[in-house]
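Every read-out reported here was derived from the displayed coordinates using simple, explicitly stated rules and does not represent laboratory data. Model, not experiment: these values are computed from the prediction. Because the Cβ atoms are built from the backbone with ideal geometry, glycine has one as well, and the counts that use them run over all protein chains shown.
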Amino acid sequence: MKKSTWFILSGLIAALLLAGVVSNYASGHPDGLDSVAREGCTFDADDHITGGTCMAQSETDNATKDSPLAGYGLRGIGNDFLSTGLSGAIGVVATFALGGGVFWLLRAGRSSRSSHQAG
Amino acid sequence: MPAVAMHISNGIIDNQIAVLFAGVALAGLALCFIQGRRELDDRLVPMAGLVAAFIFAVQMLNFQVLPGVSGHLLGGTLAAILVGPYLGAICVTIVLVVQALIFSDGGVTALGLNVTNMALLGTAAGYLVVATLLRVLPRRTWTLTATAVIASVVSVTVASQGFVLQYALGGATDVGRSLGAIAAAMAGTHLLIGLGEGVITALTVTYVAKVRPDLVYAVRNLRRPVVSEAVTA
């Protein structure tokens with residue numbers, strides 16, 4: 001196998017480990033944008049707004065909220081660790097596939113234009 | 001469980017402004033596709049795919065920056081250093097599309113807002129800092145590492161101010177705070193998040209530059225040449 005292929009494969013394995021295992025140890029606190037959007041409101045234990053005025057109160061449902069992977073969990077898997085890890089691993093593979101596809105098409109579009117022997 | 005990521009949800013910004021920024025994002029991406037295509041060779045195709053997949057993975061890793069506040073890497077600087085600004089912005093966009101469509105992370109109607117902030121602004125700002133510093137700083141082993149940290153801090157802070165601009169133009173809820181206060185709150189937390197991103201970015205690009213310098217765009221194209229190496233024509 002070519003040297004570059006090894007590099008890509010080991011990079012993918014690293015990404016799979018990060019998204020599939022390490023992701024379970026990530027902080028669950030609201031992030032930078034969320035914390036600003038939530039400022040001014042009070043929340044109950046289920047994260048529903050109970051009062052106040054904040055940016056987050058105008059938030060509406062997302063068209064993809066019923067996706068089987070919504071919220072970084074795989075629906076139907078009861079074990080949280082497994083559910084988060086599997087969703088992350090699927091995400092890494094999906095992103096690599098979509099990215100590889102987009103860049104491959106972009107590259108294919110170029111080489112068909114000329115024989116790239118421009119001196 | 002990882003929290004929802006640092007992406008704008010549906011409804012936070014008015015629809016008209018969301019549509020406006022979808023146009024901005026598309027125009028910016030068109031430029032990236034045209035410019036990026038010139039730089040794309042066979043070796044870069046899988047590398048750019050890997051950069052996107054790696055950013056997706058690291059975006060799941062929220063780290064705490066303040067009591068009760070977390071953040072995660074956005075990836076613009078990492079992508080710009082490894083595959084350049086144009087392909088890098090496309091990499092971050094691919095991550096945002098996968099997150100919005102499959103993981104319901106970031107509103108689908110807010111995709112243009114998020115792409116503008118994180119993929120376009122974040123990558124452009126990170127790249128400008130990287131390009132400047134690598135041309136100015138002496139060529140030492142620590143140069144790329146320090147550059148990655150500084151560029152990440154600037155990149156994430158600039159991206160956060162993109163949201164402030166969008167909120168100023170079309171915020172759906174008036175929260176009774178001045179724009180200056182919102183800008184300061186966003187800049188404050190994102191400065192810290194940028195530092196965290198800087199550590200991750202520096203570790204990653206320093207490692208890749210050590211084992212495969214030929215795969216690092218910034219090393220190939222931007223690094224100041226060693227004076228003694230200068231070839232006379």
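Couple of notes before you dig in:
- Proximity of backbone amide H atoms, modeled 1.01 Å from N, is registered between B:Gly171 and B:Asp14 at under 5 Å, excluding neighbours fewer than 5 places apart on the same chain.
- Across chain B, Cα pairs under 8 Å and at least six residues apart give a relative contact order of 26 percent.
- Candidates B:Gly162, B:Gly198, B:Gly49: whichever shows maximal mean-square fluctuation once chain B is modelled as a Gaussian network with Cα springs under 10 Å: B:Gly49
- Rounded to the nearest 10 degrees, the inclination of helix A:3-20 to the longest alpha-carbon principal axis of chain A is 10 degrees.
- For the protein assembly as shown, Cys with no neighbouring Cys Cβ under 4.7 Å: B:Cys32, B:Cys91
- Among B:Ser104, B:Ser160, B:Ser152, the residue with the largest mean-square fluctuation in a Gaussian network model of chain B, with springs joining Cα atoms closer than 10 Å, is B:Ser104.
- Summarised as an ellipsoid, chain B has semi-axes of 31, 19, 16 Å, derived from the eigenvalues of the Cα gyration tensor scaled by 5 and square-rooted, with the largest first.
- Total formal charge among the other residues, if their Cβ is under 9 angstrom from that of B:Val69, Lys/Arg +1 and Asp/Glu -1: -2
- Amide H partners (placed H, <5 Å) of B:Val65, local residues excluded: B:Ser70, B:Gly71
- For segment B:73-222, with +1 on Lys and Arg beta carbons and -1 on Asp and Glu, the positive-most of B:Gly88, B:Pro213, B:Ser104 along the dipole: B:Pro213
- Modelled FRET efficiency - R0 30 Å, A:Asp46 with B:Leu169, Cβ distances, 0.05 increments: 0.40
- Taking the inverse of the mean reciprocal distance over all distinct Cα pairs, the Kirkwood hydrodynamic radius of segment B:102-206 comes to 14.9 Å.
- Calculated from the alpha-carbon coordinates, segment A:1-67 shows an Rg and a Dmax of 19.2, 60 Å respectively.
- Residues whose amide H lies under 5 Å from that of A:Phe43, counting only those 5 or more places away or on a different chain, are A:Thr50; hydrogens are built 1.01 Å from N in the peptide plane.
- Expressed per residue, the C-alpha convex hull volume of chain A stands at 210 Å³.
- Here the label points at A:Leu105 and B:Gln161, each 7 Å from Cα along the C-beta direction, are separated by 3.5 nm in the simple model.
- Where only C-alpha atoms are counted, convex hull volume of segment B:6-136 per residue in Å³: 117
- Listed from fewest to most Cβ neighbours within 10 Å, the set B:Glu39, A:Glu39 follows the order B:Glu39, A:Glu39.
- Note on chain A: with a GNM built from Cα contacts shorter than 10 Å, the maximum mean-square fluctuation among A:Ile77, A:Ile49, A:Ile13 falls on A:Ile49.
- Of the DSSP H helices in chain B, those whose Cα atoms cover at least 30 Å axially and whose Kyte score averages 0.5 or more: B:15-39, B:141-170, B:179-211
- Cα centre as origin, Lys/Arg/Asp/Glu Cβ charges: the protein assembly as shown dipole, Debye: 1860
- Under the shape rule built on the C-alpha gyration tensor, where the axes satisfy a ≥ b ≥ c, the protein assembly as shown is prolate, since a/c reaches at least 1.5 and a/b is greater than b/c.
- Relative contact order %, chain A, counting alpha carbon pairs below 8 Å whose residues are six or more apart: 25
- Counting neighbouring Cβ atoms within 10 Å and putting the fewest first, the residues A:Lys2, B:Lys210 line up as A:Lys2, B:Lys210.
- Only Lys, Arg (+1) and Asp, Glu (-1) charged, at Cβ; chain A dipole about Cα centre in debye: 1240
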